[in-house]
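Accompanying notes for the structure given below.
Rule-based calculations on the coordinates, nothing more; no lab input. From a predicted model like this one, the values you see are computed outputs, not experimental measurements. Counting neighbours? That spans all protein chains shown, and the Cβs are built from the backbone with ideal geometry, glycine included.
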Amino acid sequence: MSTDEPRTESTQPRPEALPQAISESKALGAPMVVRGILGVAFGFATVFWPRDAASPKHLSMGVDIVDILSISYLVLFALVLVYQGLRSPLNVRTAVYGQAIITVPAIVFLFLAEQPAELRAAMSIWALLHGLLELWNYRQLKSHPMASDFLIAAACHVLLGVILMFGDGFGALWILGFTGVATLIAGVIFIIGGYSRISKAKQVAAGGESFVDGLPAAETDDPTAPDTPDTPDTPDTPDTPDTPDTPDAPDDKN
């Protein structure tokens, strides 16, 4: 009976065209760019929208104008969040949809707002909830490249909510101004981050480098295997010198 044991070969991990983290980041690139463009557009609108000038030093804006601008932004923002949720990883999809849902009560309260205090309450609560959900997204996407974009956006919205919550003397123009600054900063970050994600994925794909379990295939070799040293070249053996011809033996004499 043969005592040879069957030889088992280790199963090599299946190579991937792109690592999962980069693929998911690429999917988030386009929604982030759209979100960024919307935030920048709203930020510039808050800066250049005409003001009511009682005097050159005292500018103001009516609550109804701020309501219209804020509602328009939140409606478009909710649609972009739905688009982002469709392309987000499963572990953050619910949170992104939650960000879209919380815009609905904010829009309703803005429709009903007639005083700066009501406007401030609606925008501060929305900003705080949105920032906290964005912070959750950052924690879930920590392993992704450039995940700090979500952390910066979360910080901008949380800070906006805190400022509005304690700004008792703010008028409609101040509320719109702080909101515009926060969305402008977050928008610029998202435009840069979204474009960088798309470019990174294209560079990896164009490089033709295969990945295994999220790592380059060259890095997945067994590091414990000792390197086989190169066999040194054997020195050439010297040529054997030619032996001199031996003289012919003299003939035997009779």
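Quick look at the numbers
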item	result
Span from the the stretch 126-185 Cα centroid across to the the stretch 96-118 one, whole angstrom	15 Å
Global form of the stretch 30-202, assessed from the alpha-carbon gyration tensor, a/c cut-off 1.5	prolate
Dipole moment magnitude, nearest 20 debye, the stretch 30-202 about Cα centre, only Lys, Arg, Asp, Glu C-beta charged	880 debye
R197, R51 arranged by Cβ crowding within 10 Å, fewest neighbours leading	R51, R197
Sequence ranges 200-207, 31-38, 92-99, ranked by mean other-Cβ count within 10 angstrom, highest first	31-38, 92-99, 200-207
Spin-label model distance (nm) - Q115 vs S196, 7 Å beyond Cα toward Cβ	4.5 nm
Computed FRET value (nearest 0.05) for L90 with A206, which takes r as the C-beta separation and R₀ as 35 Å	0.80
Inter-site label distance for Y83 and K142 at 7 Å from Cα along Cβ, in nm	3.1 nm
